[in-house]
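A short worksheet on the structure shown next.
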Amino acid sequence: MSIYAIGDIQGCYDDLLRLLDALRFNENTDQIWFAGDLVNRGPKSLETLRFVRSLGSSAVTVLGNHDLHLLATACSIRSERKKDSLSEILEAPDRDELLDWLRHRPLFHYNDDFCLVHAGLPPQWDFDTTREMAALAENALQDFNYADFLKDMYGNKPNLWSPQLKGVERLRFIINCFTRMRYCDDNGKLDFIHNGPPGTQSKNLKPWFEIPNRKNADLRIVFGHWSSLGYYRGNNCYCIDTGCLWGGALTALHLGENVFRVSIDCEGVLKPRQKKS
């Protein structure tokens, strides 16, 4: 069996099919790990969501910030933004089934060799803590009263991990790490202002995977979310968001003894100057 991880699709369904053809993906023998942000801003979010769900156990997807935005919009907690492309999902006859499936996706997935997240991990979390924190937030999303959690999910504070964080503050920090983080300082304080490539951030900040002595440095972590970073391999980490939506590429990473990438060029739906994460 081959396992491939694929970066942010954001509704670029046709590009996804072209990439799967290039991989010669066989859903009976292979598995795809999706790095989150299946939907939004691209032209075919509904088709993407239906297709990935139809793959059953041949697909694993972690939740990204755009996936959570869809859930919050469906609960009338957030409003559709100008560049959103969620209306087809929200008006679809199978809307409830798709949204229920989506909110039961994990924030963290792993096997013996690799871990998958959408955005990143704070330097204070080792594997056991990461797994525990993911389970806490996943339980809140999968609870019958999940809309109450979504109401409190948004916000930039707290931005520094402490084992003493409780309740909503702990859950918000967890979500922000798994779905939003890019930069932090050496203490792990999260920054939500800078989203450009390394070298454009404030001097006190580093990409999360470059923080010295981070407790998850022994994990091989695959992530998306950071299209301005593009494909990155280093520090035991792999970024696979190569900006399909923006006219870059859609990338798959072969997760095996021989790690390699397969990318296809994408026409792009939005121009880079329009880009907002």
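The values are calculated or read from the model by the stated rules, or taken from the named source; none is laboratory data. For clarity, every value in this text was computed on a predicted model and none was experimentally measured. Cβ atoms come from the backbone with ideal geometry, glycine included; neighbour counts cover every protein chain shown. Each accessible area value is taken on the protein alone, full model and side chains, heavy atoms only, with ligands, DNA and RNA left out. Shrake-Rupley method; radii C 1.70, N 1.55, O 1.52, S 1.80 Å.
Overview of results
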| read-out | value |
| --- | --- |
| Some residue of the stretch 61-73 being in contact (Cβ under 8 Å) with a residue 40 or more places away in the chain, assigned to a loop (DSSP other than H, G, I, E, B), hydroxyl-bearing (Ser, Thr, Tyr) and surrounded by 17 or more Cβ atoms within 10 Å (Cβ to Cβ) | no |
| Residues located in the stretch 134-192, provided they are closer than 15 Å to Asp67 by Cβ, open to solvent by 70 Å² or more (accessible area, probe 1.4 Å) and in contact with a Phe, Trp or Tyr (Cβ under 8 Å, 6 or more places away or on another chain) | Arg180 |
| Sole exception among (1) surrounded by fewer than 24 Cβ atoms within 10 Å (Cβ to Cβ); (2) part of a loop (DSSP other than H, G, I, E, B) for Gly42, by number | (1) |
| Test: residue in the stretch 189-205 that is closer than 18 Å to Val117 by Cα, β-branched (Val, Ile, Thr) and modelled with pLDDT of 95 or more | no |
| Hey, Phe25 of a type in the set (Phe, Trp, Tyr) and assigned to a helix (DSSP H, G or I) or not | no |
| Ser57, sole failed condition from (1) surrounded by 14 or more Cβ atoms within 10 Å (Cβ to Cβ); (2) part of a helix (DSSP H, G or I); (3) touching a strand residue (DSSP E or B) at 6+ places or on another chain (Cβ under 9 Å) | (1) |
| Flag if Glu88 is modelled with pLDDT of 95 or more, open to solvent by 20 Å² or more (accessible area, probe 1.4 Å) and among the charged types (D, E, K, R) | yes |
